[in-house]
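Please read the structure below before turning to the comments.
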Amino acid sequence: MAGTPETLVRPEAMRQYLERLFAATGMNRGDADYCAEALVQSNLWGLDSHGIMRAPIYLKRLCNGAVKPNPDIRVVRGASALEVLDGDTGLGFVVGRRAMERAIELATRFNVAAVGVTNSNHFGAAGLYSRMAAAQGMIGIVMTNVGPNLVAPGGTQPVTGNNPLAISIPTFAEFPYTLDISLSNVSGGKILLAIQKGEKIPFDWGTDKDGRPTDDPSTAFAGLLLPLGGHKGLGLSYMVDILSGVITGGAFQFGVTSMYKRTDEPSRTGHLMIVINPLILMTREELGERMAAFSRTVRSSPMWDKDREMMLPGEIEYRTETERRAKGMPIPAPLFGELAELAGRLGVPVALSASE
């Protein structure tokens, strides 16, 4: 299946374009700007499956009332360094940022803090929020639950979601160590991206509705995902759902719905933000030196392919961002057209031009 053509777009032009689209839904300008920034940043890191390609569904849900453009986010339970916020069905970017800001604030006082979230929606790449903590010299651990879309190996029905998990650790160097994964072999967004690009997928990415592996991305997107590492990823997904949904008092398992399958309903997604302040244990300089020593050991590990090099967690994203800021971000042509059509519907009088 041949891939579809792509268009290079300048990051700042795309950010301004998306900000106007989000603002046109009634969202305040500050939150609209952050949502645009988060989507563009995800593409800059190379996380295209969680970036600009998601804008159409977010905008659709803001317009149809499934998601509130200006939610009343508030604390509903907890004390000291443990709180739960009600996201009031706001867009996950807005709710997730507020929760991480609160977790950082509490960790500044208590050195360790956890903030759960109920009644939210899809918040994009989990690493957006874990990196917020790292930018403040803290460790960020972020997780979120997803409606069941993961089938146990050999099973025929979904039992849990692919429930993303991200951890960022400050290095005080060019980029933080960042692990950002979903607990399926790949995220649903990568399958959706394969549909947009007109590409086949590996058979271990997803199954049809009956649990049988497929290389057709459309069949897999309408079907089920396979867990990362078999029972290991399956077990981790259970734990993320419990921590993000069960213990926070929010929705879990089938109480969380898909924004694609139920476009006019809130997803009731749950999140958990954990922040640890390592600078209570050692100085910034000492932590930086210890992380540098750790990195030297990783980099010195030989590879059998001499044309490859050992990469650090977060380094691929750093290099990709450097390249895309210089050359532009590749956007599939169908998505480029869809965004232009959305601008017309929302009455946003701005043209998005390709990068020169």
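The values are calculated or read from the model by the stated rules, or taken from the named source; none is laboratory data. From a predicted model like this one, the values you see are computed outputs, not experimental measurements. FYI the Cβ positions are ideal-geometry reconstructions off the backbone, even for glycines, and counts take in every protein chain you see.
Structural remarks
- Residue among 178, 171 that alone is assigned by TED's automatic domain parsing to the domain that holds residue 240, assigned to a strand (DSSP E or B) and not small (Gly, Ala, Ser): 178
- Test: residue in segment 230-237 that is outside any helix (DSSP H, G or I) and in contact with a strand residue (DSSP E or B) (Cβ under 7 Å, 6 or more places away or on another chain): no
- Matching residues in segment 96-141 - criterion: being part of a helix (DSSP H, G or I) and among the aromatic types (Phe, Trp, Tyr): 110, 129
- Criterion violated by residue 66 - all others in (1) buried (at least 17 other Cβ atoms within 10 Å of the Cβ); (2) part of a helix (DSSP H, G or I); (3) of a type in the set (A, V, I, L, M, F, W, C) satisfied: (2)
- First in segment 329-340 and closer than 15 Å to residue 50 by Cβ and assigned by TED's automatic domain parsing to the domain that holds residue 49, second anywhere and surrounded by fewer than 15 Cβ atoms within 10 Å (Cβ to Cβ) and of a type in the set (S, T, N, Q), Cβ under 6 Å, 6 or more apart: 332/4
- Qualifying positions in segment 1-35 - of a type in the set (A, V, I, L, M), modelled with pLDDT of 95 or more and in a loop (DSSP other than H, G, I, E, B): 24, 27
- Only listed residue being more than 23 Å from residue 130 (Cα to Cα), modelled with pLDDT of 90 or more and touching a strand residue (DSSP E or B) at 6+ places or on another chain (Cβ under 7 Å), chosen from 202, 176, 158: 158
- Residue check, residue 120 surrounded by fewer than 20 Cβ atoms within 10 Å (Cβ to Cβ), of a type in the set (Ser, Thr, Tyr) and touching a helix residue (DSSP H, G or I) at 6+ places or on another chain (Cβ under 7 Å): no
- Residues (outside any helix (DSSP H, G or I) and of a type in the set (Ser, Thr, Tyr)) located in segment 282-318: 283, 300, 301
- Residue satisfying all of: in segment 236-276; within 19 Å of the chain's Cα centre (by Cα) and aromatic (Phe, Trp, Tyr); surrounded by the fewest Cβ atoms within 10 Å (Cβ to Cβ) among these: 260
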